[in-house]
Amino acid sequence: MKKIFIAILAMVITVSVAKAQDTPSSLGFTPGSYYTFSWNTTFTMGDFNKWVGNASPAGFDLGGRYFIKGGLVAGFNILWQRVSQSYGYETYYGEDGGAITATNYRFTWMVPFQGVIAYHIMPGKMVSPYIGLGIGGDYMEHHLMIQEYDIYKTRWDFSLTPEVGALIKFGNYSSWGALVAFNYKWTTNKIEFANNWASKNLQMMNLKVGLVLIVR
Amino acid sequence: MKTKLILLLLGAGLFLASCTKYPPSSDRLLEDLVIYTKYDTSVDLTKFTYYYMSDSIAVISDKDSGMKTSADIQALTARISQNMTSRGYQRTTNAKTADLYIGVSYIKNVNINVYYPGWYWGYPGYYPPNYWGGGGYYYPYYPTYITTYSTGTILIDMMDVKHPTTDKKIPVRWNAYIRGLLTGDHTTAQIEQCIDQAFKQTTGFPVQH
């Protein structure tokens, strides 16, 4: 799975670089800030992957970045994500003598919000790779749906998200561009359901592909 | 301009799809077989010895409710009996010497929106007449509750007939609700497996031998 997305990322960057080589490689203006609107695909890892194994394309990210000095930027990200999967017959044991066996459906709905600091290696170029780090928190709802029963827990957490990516501008004077980014996310979030689930430090990887609005 | 509009619409669609908290119900396999059990954790279920259970069960139907039996029902009651015996309980044919009375009912073709435990107790034949003293039953715990009721559902109540309350109500110490079991879609082996599972998932029962 990881290899596939590294390959996709490499392909997108390669195509973008090739396209950029056909046109002048530098922007006709100095960007002051940019805003991103990205489609986010989530790949759960570790214990989180045992909870929901499927990759999920249900995610949308809004971000803003402001150039501070040279290629250094600071900004924010807010995201909506959902991962979900159906499972076969499993028994859930409650804390009060109850138990239920049925097909069940698990999902986690997340609203992460982070402050971000990043460094653009070539901020004035058509293709501008960057590395960054997001620090913030998440609101998560973990739902275990057993037929009509919806058993859920809500959690707030602290999270760290190192990220690599690239801005690919559509033209020398265009205010629009594309964003491709890949990140790893570590959180203090956990999933606990009576005697059935106990996992902590949920982790995931995210692939973001989206549009960028560049402001001079 | 057209490209930007398409991109904006695409973005808006993705945004709306991703912000929805609940996935579509079609993904969730609703109305599938469900085995739900609950027991009174304040009582030691290993302390009981004798139980009484009729070979016929209360069939609850829009047209022909009453105590009935069939090959499926016989397989069902035999499996309940087998599970009880393997956990050390002894069946008695004299209801008055029993510690526990097991009442089994089968919702044949009644559809209601909300299941209120115990509503079927009023159906004819659910328990032997003139035996309980007229006090009725109650659950000492919050019982099985399901918001959708399907046909083919089996309900099993295990009543502690030796310890009625002062107002003569009989406490139900264990109950099981198996939705969609007797719809005609399941084999006898599957019916037996579901009964086994109902006992297996009740951690308060004595260890199986």
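The values are calculated or read from the model by the stated rules, or taken from the named source; none is laboratory data. Predicted, not measured: the structure shown is a model, and the values here were computed from it. Every residue, glycine among them, receives a Cβ derived from its backbone with ideal geometry; neighbour counts consider all protein chains shown.
Structure notes:
- For segment A:38-70, a residue qualifies if it is buried (at least 22 other Cβ atoms within 10 Å of the Cβ) and not in a strand (DSSP E or B), and the qualifying residues are A:Phe48, A:Val52.
- Flag if B:Thr85 is outside any strand (DSSP E or B), within 14 Å of chain A (Cβ to nearest Cβ) and within 15 Å of B:Phe205 (Cβ to Cβ): no
- Filter result for B:Arg79 (among the basic types (Lys, Arg), at pLDDT below 90 and surrounded by 15 or more Cβ atoms within 10 Å (Cβ to Cβ)): no
A quick yes/no check of all residues on (1) at pLDDT 95 or above; (2) surrounded by 18 or more Cβ atoms within 10 Å (Cβ to Cβ); (3) of a type outside the set (D, E, K, R); (4) over 22 Å from A:Val52 (Cβ atoms):
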{"position": "A:Glu95", "(1), (2), (3), (4)": "no, no, no, yes"}
{"position": "A:Tyr105", "(1), (2), (3), (4)": "no, yes, yes, no"}
{"position": "A:Tyr119", "(1), (2), (3), (4)": "yes, no, yes, yes"}
{"position": "A:Met122", "(1), (2), (3), (4)": "no, no, yes, yes"}
{"position": "A:Ile131", "(1), (2), (3), (4)": "yes, no, yes, yes"}
{"position": "A:Thr161", "(1), (2), (3), (4)": "yes, yes, yes, no"}
{"position": "A:Trp176", "(1), (2), (3), (4)": "no, no, yes, yes"}
{"position": "A:Asn183", "(1), (2), (3), (4)": "yes, yes, yes, no"}
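- Among the residues of segment B:153-171, those that are touching a residue at least 60 places away in the same chain (Cβ under 8 Å) and within 14 Å of the chain's Cα centre (by Cα) comprise B:Ile154, B:Ile156, B:Met158.
- Residue ranges of strands (runs of 3 or more DSSP E) in segment A:99-216 with at least 1 members touching a residue at least 12 places away in the same chain (Cβ under 8 Å) and within 14 Å of chain B (Cβ to nearest Cβ): A:127-146, A:149-169, A:176-187, A:203-215
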